[in-house]
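Remarks on the structure that follows.
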Amino acid sequence: MKINKKDLLKKLESVRPGLSNKEIIEFAELERVKFLKGMSVTPFAQPYRDLEGTKPKRELRDFARWVNTHKNFYACSWDEYKKSVGYNI
């Protein structure tokens, strides 16, 4: 089943009104990781480079580091981790 990106963004907007598309996608990724964690599945995150080979943004790299470093992932939430690495929340 193929998911239409516009339909998905509309559904997520109804769940979290007032968010930008970027924030909605970030919310969806975080919810997917939480869902897998709740099922006792160890997720793996990999921030992809674009076709030009541009390095992923720092927040994407940090998110992948948090998910893939199990001692951090199971010890603290994403918001707690962001605070610890210097994000102003």
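The values are calculated or read from the model by the stated rules, or taken from the named source; none is laboratory data. These figures come from a predicted structure and were not determined experimentally. So basically every Cβ, Gly included, is an ideal-geometry build from the backbone, and we count neighbours across all protein chains shown.
Please tell me if residue 27 is part of a loop (DSSP other than H, G, I, E, B) and either surrounded by 12 or more Cβ atoms within 10 Å (Cβ to Cβ) or modelled with pLDDT of 80 or more (or both). Here the answer is no, as residue 27 does not meet what is asked.
Check every one of the helices (runs of 4 or more DSSP H) wholly within segment 43-89 and list those with 3 or more residues that are touching a Pro at 6+ places or on another chain (Cβ under 8 Å), surrounded by 12 or more Cβ atoms within 10 Å (Cβ to Cβ) and outside the structural domain of residue 32 (by TED's automatic domain parsing).
Counting at least 3 such residues, we get 58-68.
Could you check how many residues of segment 63-89 are in contact (Cβ under 8 Å) with a residue 12 or more places away in the chain and within 16 Å of residue 23 (Cα to Cα)? Here the count works out to 4.
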